[in-house]
Amino acid sequence: MSAVEGPRRILQLQRQAGNHAVVRLLQRDTSSHRENPPITNLHPAGTMDDAAWTSAYRAAVAAGTADAFRPLFHDIAVTAGMGALPGFDLSSIPTTDGKTAQPGLNISMSTSDEPGHTGWVDKSGKFGTPLDLSKGVPDVTIAVILNPKALHAAKGLSLRSIRHEMVHVRHKLKVLDSLHAWQAAGRKSGFEEWLKGYAKKSKMSALDIALVTKGAKDAAADTEVLAYVEGFTNDFHRRRPTAEDVAMSFFELLGAVETRRLYTWKQADPAVRQEALAGLRDYHAALDADHQRLWKEWLDKQLAAAAKDTTGRKDFLTELSAFVK
C-alpha cells in the first residue's frame with residue numbers, strides 16, 4: 001500500500017464502519033486481485049454506441065439467427081476485454097450445438113440453459129470434457145459458449161454473463177499453466193503433491209493454490225464464487241436504483257452462495273471467500289448513495305429470512321453486513 005493509498009484506504013474504511021471498527025477492519029483488510037481489469041469504456045474503438053447496440057439487438061431478436069446475433073457477441077466480447085485472453089481470437093465466432101466447440105468464444109442459439117458456459121475442449125472438439133491426469137497433461141483448450149440470454153437491449157447490461165465466464169477462463173488458464181509446469185518437471189509425483197513444492201518456489205498465493213488445486217479436479221465452487229461476484233460488480237451499478245431493476249443483479253450475487261448443483265460459499269476455500277469479500281467491499285465503497293441504500297435494504301431482508309439457514313447463505317450475508325451499511 002503506497003503512502004497515498006494508505007490514508008485514502010483508512011478514510012474509506014472509516015466511512016464504511018465508523019472509527020471504532022477501523023483498526024479491526026485494517027487488520028483483516030486485503031486488496032482484491034481481480035483477474036479482469038474493470039471496464040471503464042463501454043464504447044471502445046470499433047464498437048457500437050448505445051443507440052446502435054439497442055437497434056442491432058432488436059433486429060437480432062426479430063431475426064432469431066446466429067448471423068444476426070454474431071455482431072453483438074463480437075461487440076460485447078471486445079468491450080468486455082475477452083480478446084486479451086490467450087486463445088480467444090474474436091475474428092471468428094463459430095456457432096455450436098453445445099456439445100462441441102472450438103477454442104475461444106462460441107455462439108449457441110439454444111436458450112433452454114444458462115446464458116453461458118466455460119469448459120475444456122479436447123482434440124475432437126468435445127465441449128465439457130473432464131480433466132484426466134492419470135496419463136499426464138491432457139491435450140485440451142478452453143472454450144466459452146454464450147447464448148442470446150447473455151445479451152440485453154442495453155449494452156451495459158450485456159456484460160454480466162460474459163465477464164462471469166471470463167473469470168472461469170482465467171482460472172482454467174492458471175490450471176493449464178501449472179499442469180504444463182508439472183509436465184516439464186517430469187511428473188515424478190502426483191500433481192497435487194508436486195504443486196505444494198512448486199507453490200512455495202514460485203510464491204503462489206493461497207488464492208491461486210486453491211483455484212489450481214480445485215480446478216485440476218474440475219471442482220467448481222471456488223471459481224463460481226468469484227465468477228458470480230464478477231457478474232454482480234459489472235451489473236448492479238449500471239441498473240436504475242429501484243428494487244425491481246436491480247433484482248437480477250442480486251440474483252447473480254446469490255450465485256456466490258448457491259447454484260443448481262452447489263452450495264458455493266459453504267464449499268469454497270477460505271482464500272476464495274476472502275478475495276470475494278475484498279472485491280465486494282471495494283465495489284460497495286465506490287457505489288453512489290442510492291445503490292448503497294438498495295443493497296442495504298436487500299441485505300436486511302435477506303438476513304431476516306436466513307435466520308435458521310445452514311447452507312452458507314447466513315454466513316455470506318453476515319460477512320456482507322460488515323461493510324454494507
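Summed over region 40-67, residues that are among the β-branched types (Val, Ile, Thr) and farther than 22 Å from Ser92 by Cβ total 3.
Which condition does Ala307 not pass, out of (1) closer than 21 Å to Ser161 by Cα; (2) among the aliphatic types (A, V, I, L, M); (3) surrounded by fewer than 19 Cβ atoms within 10 Å (Cβ to Cβ), if it passes all the others? Checking Ala307 against (1) closer than 21 Å to Ser161 by Cα; (2) among the aliphatic types (A, V, I, L, M); (3) surrounded by fewer than 19 Cβ atoms within 10 Å (Cβ to Cβ), the one that fails is (1). For first residues located in region 162-177 and touching a residue at least 40 places away in the same chain (Cβ under 8 Å), partners that are acidic (Asp, Glu) and lie 6+ apart or on another chain with Cβ distances below 7 Å form the pairs Arg163/Glu230; His164/Glu230; Val167/Glu35; Val167/Glu230; Arg170/Glu35; Lys174/Asp208. What about Leu253, is it free of Cβ contacts under 8 Å to residues at least 24 places away in the same chain, crowded, with 19+ Cβ neighbours inside 10 Å and closer than 26 Å to Ile142 by Cβ? So Leu253 fails the test.
Looking across region 17-57 at every residue that is among the acidic types (Asp, Glu) and part of a loop (DSSP other than H, G, I, E, B), the one that is modelled with the lowest pLDDT is identified as Asp29.
From the list Thr259, Thr311, the one residue that fits, being within 16 Å of the chain's Cα centre (by Cα) and part of a loop (DSSP other than H, G, I, E, B), is Thr259.
On inspection, Lys149 qualifies as surrounded by fewer than 17 Cβ atoms within 10 Å (Cβ to Cβ) and either among the hydrophobic types (A, V, I, L, M, F, W, C) or assigned to a helix (DSSP H, G or I) (or both). Report, by residue number, each residue of region 125-152 that is under 22 Å from Leu90 (Cβ atoms) and hydrophobic (A, V, I, L, M, F, W, C). Across region 125-152, the qualifying residues are Phe127, Val140, Ile142, Ala143, Val144, Ile145, Leu146, Ala150, Leu151.
The values are calculated or read from the model by the stated rules, or taken from the named source; none is laboratory data. None of the values given here were measured: they were computed from a predicted structure. Heads up, the Cβs are rebuilt from the backbone with ideal geometry, glycines too, and the neighbour counts pull from every protein chain shown.
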